[in-house]
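The values are calculated or read from the model by the stated rules, or taken from the named source; none is laboratory data. Predicted, not measured: the structure shown is a model, and the values here were computed from it. All Cβ positions, even for glycine, are placed from backbone atoms using ideal geometry, and neighbour counts span all protein chains on display.
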Amino acid sequence: MKMRRRMLLVMMFLLVFSAAVPPQPSRAASDDISGITLEKEMRDLIARGIISGYGNGSYKPGQKVTRGEFAKFISSALKLDMTNTSNVFKDVSPNSALAPGINAAAKVNIIKGRTDGTFHPDDTITRKDMALMIKRAIQYLNVPLETGSTKFTDISNLNDEYKTAIAEIAQANIIHGYQINGQLKFQPNNEATRAEAAAFISRMLSYVENYNESGPGGNEPAPVKNPYETAVVSNHEVKPTGNSYKTFNDAKNTVDAGQSDAVTYNGRVVYMKSGIVVPDRATLKSTINLYSDSNLKTAYTYVSTKATDSSEMKYITSTENYVKVEVGGKQLYASPQDVLLEPDGAAPGQNYYQAQNGELVHYLYVYTATGGYYTSYTVGKAPSFLKEGQPYYSWDGYTFYDANHRKVGTAYQYFQFLSARTPTSYTAAQLDQVIMTKLAELEKLYQQNPDKYAQYKDATKRSKLIGLGSHLKQVESDKHISALLILGLAFNESDYGLSPKAQEKNNLFGINAVDSNPDQADVFPSPKDCVDALADKFNYTYLAVNNKKTPPGVDGWAANGAVPGNKGTGFNVKYASDMFWGEKLARHMYSIDKMLGGKDFGKYSIGLTDGYDPNDGLNVRSQPKVSSSTLLFEYNKLGMPVTIIGTSGSWYKIYSDVLKFADQYKDGVYVSSDYVDILPIAGK
């Protein structure tokens with residue numbers, strides 16, 4: 001009887017307790033995301049199969065997320081094809097479980113590597129990088145984002161690309177931020193957790209799904225079924241035709257048949273009839289490589305991605321694996337991930353040349369997110385075949401085309417292809433004179449507009465170039481580098497000796513101010529020491545003839561001709577990422593020469609070596625005769641510029657590229673005239 005009463009009391013207690021406590025889902029007691037702030041978003045991605053756990057109900061929402069993991073999440077969320085992707089980054093092992101997701105996201109430009117071709121998949125991803133990838137993912141899906149302002153108070157120091165991405169996806173309610181001490185913070189540099197990654201991706205998917213269901217006006221067309229679509233250029237825009245194709249070649253054949261102007265892959269132009277190629281404006285790289293082979297294995301040169309450098313190339317053709325371009329007189333290859341294709345009539349702006357009062361002016365288009373603008377400078381003398389005031393286009397600086405793509409003529413700039421060994425006619429006193437004249441001009445600009453030209457205040461007193469003439473002439477004599485060239489380069493690189501690097505570090509030439517970290521520029525005891533360092537750098541890296549394939553750090557590894565040149569020939573190939581660096585150096589040489597009476601211009605003929613097998617080489621000799629005792633060195637590349645200072649029968653006397661022989665044979669060395677083509681010089 002007592003036992004029965006106890007049993008009844010226990011049953012009543014259990015009944016009351018179970019009625020008072022509502023039933024809980026079994027997962028609440030068995031996983032580690034119940035009750036966290038971002039539980040909803042985490043569960044959404046778990047349900048979609050994008051994020052998985054570690055067993056025993058462990059999802060580790062507070063664990064940091066790597067760049068490789070986030071790329072895999074994105075690829076899974078977008079259902080990208082991860083089965084047939086080639087390896088993109090050199091630090092991502094093909095055997096890595098994350099490689100398919102990383103490569104798939106890279107193929108559609110959602111992720112981009114660094115300047116050295118790495119991705120750093122094991123680095124923890126920051127919130128700002130997640131925001132950038134989320135924006136690119138939405139762009140890949142052809143879903144628009146509204147441009148809006150942001151109330152985040154901690155993103156003002158970020159670059160424009162980050163700020164725009166954060167503002168746009170905040171406007172889409174994908175990111176929310178944190179209220180800290182009464183201010184809304186995004187905390188862009190914080191390392192992201194798995195829960196934060198889930199929140200970004202879950203909200204992105206919701207935003208996209210809501211758009212696809214109704215669109216902003218309720219009448220948006222359904223996304224194209226196949227990734228490749230043909231497009232036409234209309235009213236300066238690339239507009240889809242509505243015809244989509246499963247493969248690149250199917251869409252390409254339609255363009256080749258003249259039925260459309262371009263092929264897009266998920267909205268990005270990947271093939272076109274004609275146009276220009278520019279670095280991808282969304283890249284995080286400071287430079288991109290251009291390769292000599294279509295497999296993108298051998299880098300020939302590199303170009304700047306900075307908008308103010310106005311990098312631009314002529315489009316030749318493209319495949320799924322490369323974009324073939326023309327630049328500096330060479331046909332080279334770029335990775336499709338690194339560049340944008342802009343069909344004729346659709347580019348927001350384009351570089352061009354114009355003849356003005358007998359001189360050649362180069363106009364460079366600078367792209368900005370809110371509308372571009374043009375800058376310009378005088379290059380040198382204008383070719384006689386250019387009509388005054390008309391725009392002309394060139395991708396090497398010497399072959400010119402009109403607006404209808406018709407070639408109108410070829411003419412080289414004298415100082416751009418003049419050997420750096422060529423001594424100037426001017427004395428140290430004359431060089432000092434031109435320095436002070438130029439500084440006085442700059443100082444006058446400051447006096448006229450102090451706000452705009454603040455850097456030129458007291459230019460005639462502060463410049464690091466003052467009194468440098470005698471040392472320039474000494475270096476010209478001892479190290480055989482033109483004093484005119486060195487001074488022109490100092491004008492170009494140091495803003496006439498007034499740049500912060502010149503003022504603070506005595507660095508007149510940006511030595512070791514690499515694109516990825518300009519602030520690491522070398523410090524020198526004096527401007528003279530910097531001039532000496534530059535001469536040595538040129539002599540042992542850029543002027544020595546490269547008879548073999550030599551790695552960086554070995555004498556002559558960057559030798560592509562002893563002239564300022566362009567991205568095909570000369571110092572500019574390896575010395576600077578600015579594809580117009582050689583032209584800008586030459587324009588300062590022209591300007592200095594013009595100020596001093598024009599005594600150097602056109603003094604010699606200039607030629608390019610040609611007509612021989614590079615494997616056999618072109619012999620350079622100490623005397624104008626064939627003999628084993630006269631052989632000094634060989635040119636093992638075609639198209640090497642030579643400055644012709646005299647003739648002897650069928651031989652041209654030239655300045656030696658190699659320092660040893662420039663010093664030993666100051667009056668010149670010899671090459672057969674049969675293997676040198678004389679160049680037409682603008683204005684000569």
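At a glance:
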| item | result |
| --- | --- |
| Any chance Ser494 is among the polar types (S, T, N, Q), surrounded by 15 or more Cβ atoms within 10 Å (Cβ to Cβ), under 13 Å from Ile435 (Cβ atoms) and at pLDDT 95 or above | yes |
| Test: residue in the stretch 363-374 that is without any contact (Cβ under 8 Å) to a residue 12 or more places away in the chain, farther than 30 Å from Val658 by Cα, among the aliphatic types (A, V, I, L, M) and outside any loop (DSSP other than H, G, I, E, B) | no |
| So Ile481, is it buried (at least 24 other Cβ atoms within 10 Å of the Cβ) and at negative phi | yes |
| Hits in the stretch 134-188 - residues which are closer than 27 Å to Ser76 by Cβ and of a type in the set (S, T, N, Q) | Gln139, Asn142, Thr164, Gln171, Asn173, Gln187 |
| Any hit, the stretch 119-127, residues being in contact with a Leu (Cβ under 7 Å, 6 or more places away or on another chain), of a type outside the set (A, V, I, L, M), surrounded by 18 or more Cβ atoms within 10 Å (Cβ to Cβ) and part of a loop (DSSP other than H, G, I, E, B) | yes |
| Within the stretch 569-684, strands (runs of 3 or more DSSP E) holding 2 or more residues that are closer than 13 Å to Tyr414 by Cα | 605-609, 641-648 |
| Number of the exception - Ile481 against (1) assigned to a helix (DSSP H, G or I); (2) touching a residue at least 12 places away in the same chain (Cβ under 8 Å); (3) over 14 Å from Met436 (Cβ atoms) | (1) |
| Conditions (1) surrounded by 14 or more Cβ atoms within 10 Å (Cβ to Cβ); (2) closer than 23 Å to Gly597 by Cβ; number of the one not met by Tyr446 | (2) |
| The stretch 63-76 - residue that is basic (Lys, Arg) and in contact (Cβ under 8 Å) with a residue 40 or more places away in the chain and, of those, surrounded by the fewest Cβ atoms within 10 Å (Cβ to Cβ) | Lys64 |
| Residues being under 20 Å from Gly328 (Cβ atoms) and buried (at least 19 other Cβ atoms within 10 Å of the Cβ) - total across the stretch 265-279 | 5 |
| Candidate set: the stretch 351-362, residues that are in contact (Cβ under 8 Å) with a residue 60 or more places away in the chain and assigned to a strand (DSSP E or B); chosen: the one nearest to the chain's Cα centre (by Cα) | His362 |
| Gly62, sole failed condition from (1) assigned to a loop (DSSP other than H, G, I, E, B); (2) in contact with a Gly (Cβ under 9 Å, 6 or more places away or on another chain); (3) of a type in the set (Gly, Ala, Ser) | (2) |
| Answer residue from the stretch 554-575, given it is out of contact with any Gly (no Cβ under 8 Å at 6 or more places or on another chain) and not hydroxyl-bearing (Ser, Thr, Tyr) and is surrounded by the fewest Cβ atoms within 10 Å (Cβ to Cβ) among those | Val554 |
| Search result, residues across the stretch 621-657 that are surrounded by 22 or more Cβ atoms within 10 Å (Cβ to Cβ) and either touching an Asp or Glu at 6+ places or on another chain (Cβ under 7 Å) or closer than 19 Å to Ile481 by Cα (or both) | Met640, Pro641, Val642, Thr643, Ile654, Tyr655, Ser656, Asp657 |
| Among (1) in contact with a Pro (Cβ under 9 Å, 6 or more places away or on another chain); (2) not in a loop (DSSP other than H, G, I, E, B) - the single one Asn87 does not satisfy | (2) |
| Residue check for Asn142: free of Cβ contacts under 8 Å to residues at least 40 places away in the same chain and either assigned to a loop (DSSP other than H, G, I, E, B) or buried (at least 21 other Cβ atoms within 10 Å of the Cβ) (or both) | no |
| Long-range neighbours under 8 Å by Cβ, at least six apart or interchain, first residue basic (Lys, Arg) within the stretch 175-201, second in a helix (DSSP H, G or I) | Arg194/Met42 |
| Matching option when the condition is more than 23 Å from Arg136 (Cβ to Cβ) and in contact with a Ser or Thr (Cβ under 7 Å, 6 or more places away or on another chain), among Val263, Val303, Val232 | Val232 |
| Single residue of the stretch 390-437 satisfying the filter (assigned to a helix (DSSP H, G or I) and β-branched (Val, Ile, Thr)) that is surrounded by the fewest Cβ atoms within 10 Å (Cβ to Cβ) | Thr437 |
| Any hit, the stretch 67-74, residues being of a type in the set (A, V, I, L, M, F, W, C) and part of a loop (DSSP other than H, G, I, E, B) | no |
| Residue pairs meeting the criteria (Cβ under 8 Å; at least 6 apart or on separate chains; first free of Cβ contacts under 8 Å to residues at least 24 places away in the same chain, in the stretch 449-478; second exposed (fewer than 14 other Cβ atoms within 10 Å of the Cβ) and part of a loop (DSSP other than H, G, I, E, B)) | Lys457/Pro450 |
| Any pair with Cβ under 7 angstrom, 6 or more apart, that starts in the stretch 314-336 at a residue that is assigned to a loop (DSSP other than H, G, I, E, B) and ends at one that is hydrophobic (A, V, I, L, M, F, W, C) | Glu320/Phe248; Tyr322/Leu296; Tyr322/Ala334; Ser335/Leu296; Pro336/Val270; Pro336/Val323 |
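Residue by residue, here is whether (1) farther than 19 Å from Ser286 by Cα; (2) without any contact (Cβ under 8 Å) to a residue 24 or more places away in the chain holds:
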site: Leu78; (1), (2): yes, no
site: Thr83; (1), (2): yes, yes
site: Asp91; (1), (2): no, no
site: Ala104; (1), (2): yes, no
site: Val108; (1), (2): yes, no
site: Ile111; (1), (2): no, no
site: Thr115; (1), (2): no, no
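Here is a yes/no grid of residues against (1) surrounded by 22 or more Cβ atoms within 10 Å (Cβ to Cβ); (2) closer than 24 Å to Tyr575 by Cβ; (3) more than 14 Å from the chain's Cα centre (by Cα):
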residue: Thr301; (1), (2), (3): yes, yes, no
residue: Ser304; (1), (2), (3): no, yes, no
residue: Met313; (1), (2), (3): yes, yes, no
residue: Val325; (1), (2), (3): yes, yes, yes
residue: Leu332; (1), (2), (3): yes, yes, yes
residue: Gln337; (1), (2), (3): no, no, no
residue: Gly349; (1), (2), (3): no, no, yes
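Every residue, every condition in (1) touching a residue at least 12 places away in the same chain (Cβ under 8 Å); (2) outside the structural domain of Ala544 (by TED's automatic domain parsing), yes or no:
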position	(1), (2)
Lys584	yes, no
Arg587	yes, no
Gly611	yes, yes
Ser622	yes, yes
Ser628	no, yes
Leu631	yes, yes
Tyr635	yes, yes
